[in-house]
Amino acid sequence: MKRLVVLTIVLGLVVAAAVAATFGSAAPARGVSPQAKLPPKPKLPALPAAVKARGKWLIGVKCDTPPFGWQDTSGKNRGYDVEVARQFAKWAFGSTSKVDFTCVTTASRIGTLTSGRVDIIISTLTWTADREKVIDYSVPYYNAAGRLLVKNNVAVGKLATWMPGKKIVSTSGSIYDRWIKNCFKNTSFQVVSSPAAGVLAVKNDQANAMMYDDAFLVGVAANDSSLKLSSNIFLKVPWGVGIRKNEPDMKRWVDAAVRGMRNRDLFWSILKRTIPRRFWKTFRPNAPSPAHKLQYPRSSPPENNCPS
């Protein structure tokens, strides 16, 4: 057991370093001229009193999920979600440094928010109806999709016929956990402590596949010649900023900031700085823009939509 823990930690560092190297070398955005008629900064509501008095944001982000939230070798927070948070700081206080980050995991992020340790969470938070009963969501700021990470010799067919009898891993509290339990009764689902632990489970044949967001899995597959992504794409659901219930001032400010970034096409500008150029075409629809406004599937919760 001790050896497995050590291997998981080591793999986590290797995965983070490899994926960080891939995404950290992304070409800088060029020629981005979002909505030239708009002023650089939108007119925003008053900041929540506690945030204004403190003079900086407290924001929960992922620290193990490049390219959206991770820490480089110097301990600096980087990634798409982190850059969104820094834009909030810039518009709120005139400086991208006016934010303190707290590392959260998929399992811990909502508890970290509701306990009051942070003001908001920008942490790859997929919308679900169950989560929205506990917290509020901002308007969407990214559109993610689920994929399967498997070994190169694995052929994945239609999910409805391939999944039964398989062992699938993902992180605790994910939308994939609920989807598998709702739709694949004969599939074994195991919670892993981190994305890196899920990758290790697939490599060691402890699982048939890892189910996770494409944004993370693409980087893993690109840096490990023994692994690949299956062609199946499922659960395309937007992410939102997590906000505590009954904080209308916070939600009003965050929603206005997200809309301001969307109207200026800043999300695509950030994504282009986050991922390598070869992924731009496939990831362009994931970023909201003036012509591409994302919506949550409230009328049809995706974790209840089972493939035929």
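Could you say which residue among R262, R284, R278, R273 is under 22 Å from Y80 (Cα atoms), free of Cβ contacts under 8 Å to residues at least 12 places away in the same chain and charged (D, E, K, R)? Give the steps one after another, and end with the answer.
Values: R262 fails: free of Cβ contacts under 8 Å to residues at least 12 places away in the same chain; R284 fails: free of Cβ contacts under 8 Å to residues at least 12 places away in the same chain; R273 fails: free of Cβ contacts under 8 Å to residues at least 12 places away in the same chain.
Going through R262, R284, R278, R273 in turn, just one is under 22 Å from Y80 (Cα atoms), free of Cβ contacts under 8 Å to residues at least 12 places away in the same chain and charged (D, E, K, R): R278.
Which pairs turn up if I take residues in the stretch 50-67 that are part of a strand (DSSP E or B) and look for partners that are surrounded by fewer than 16 Cβ atoms within 10 Å (Cβ to Cβ) with beta carbon separation below 8 Å, at least 6 apart in sequence or on another chain?
Pairs found: W57/D100; L58/D100; L58/R117; I59/D100; G60/R117.
For the stretch 68-92, which positions are charged (D, E, K, R) and either assigned to a helix (DSSP H, G or I) or surrounded by fewer than 16 Cβ atoms within 10 Å (Cβ to Cβ) (or both)?
D72, K76, D81, E83, R86, K90
Which one of the conditions (1) within 19 Å of P302 (Cα to Cα); (2) among the acidic types (D, E); (3) in contact with a Ser or Thr (Cβ under 8 Å, 6 or more places away or on another chain); (4) modelled with pLDDT of 95 or more does E83 fail to meet, given that it meets all the rest?
(1)
Of all residues being closer than 29 Å to P297 by Cα, over 18 Å from the mean Cα position of the chain (by Cα) and assigned to a strand (DSSP E or B) in the stretch 185-227, which is modelled with the highest pLDDT? Just the residue, please.
That would be A209.
Being closer than 14 Å to T187 by Cβ and touching a Phe, Trp or Tyr at 6+ places or on another chain (Cβ under 8 Å) is the filter here, so list the residues in the stretch 148-164 that pass it.
V156, L159, M163, P164 - these are the residues of the stretch 148-164 that are closer than 14 Å to T187 by Cβ and touching a Phe, Trp or Tyr at 6+ places or on another chain (Cβ under 8 Å).
At pLDDT below 95 and in a loop (DSSP other than H, G, I, E, B): is that true of P45 in this structure? Walk me through how you get there before you give the answer.
Details: at pLDDT below 95: no; in a loop (DSSP other than H, G, I, E, B): yes.
For P45, the condition - at pLDDT below 95 and in a loop (DSSP other than H, G, I, E, B) - is not met.
Tell me yes or no: at least one residue of the stretch 207-228 is farther than 16 Å from Y80 by Cβ, of a type in the set (V, I, T) and in the same structural domain as G157 (by TED's automatic domain parsing).
Within the stretch 207-228, one or more residues are farther than 16 Å from Y80 by Cβ, of a type in the set (V, I, T) and in the same structural domain as G157 (by TED's automatic domain parsing).
Scan S95, S123 and give me the residue that is surrounded by fewer than 22 Cβ atoms within 10 Å (Cβ to Cβ), assigned to a loop (DSSP other than H, G, I, E, B) and modelled with pLDDT of 95 or more.
S95
Across the stretch 98-112, what is the number of residues that are in contact with a helix residue (DSSP H, G or I) (Cβ under 9 Å, 6 or more places away or on another chain) and crowded, with 21+ Cβ neighbours inside 10 Å?
Residues meeting the conditions: 4.
Take the residues of the stretch 241-298 that are polar (S, T, N, Q) and outside any helix (DSSP H, G or I): which is surrounded by the fewest Cβ atoms within 10 Å (Cβ to Cβ)?
Among those that are polar (S, T, N, Q) and outside any helix (DSSP H, G or I), it is N246.
Just give me the residues in the stretch 228-271 being among the aromatic types (F, W, Y), at pLDDT 95 or above and under 19 Å from the mean Cα position of the chain (by Cα), in sequence order.
At the first step, the residues of the stretch 228-271 found to be among the aromatic types (F, W, Y) are 234, 239, 253, 267-268.
Then keep just the ones that are at pLDDT 95 or above; that gives 239, 253, 267-268.
Hits for the stretch 228-271 are W239, F267, W268.
The values are calculated or read from the model by the stated rules, or taken from the named source; none is laboratory data. Just so you know, these numbers come straight off a predicted model, no measurement behind them. All Cβ positions, glycine included, derive from the backbone under ideal geometry; neighbour counts span all protein chains shown.
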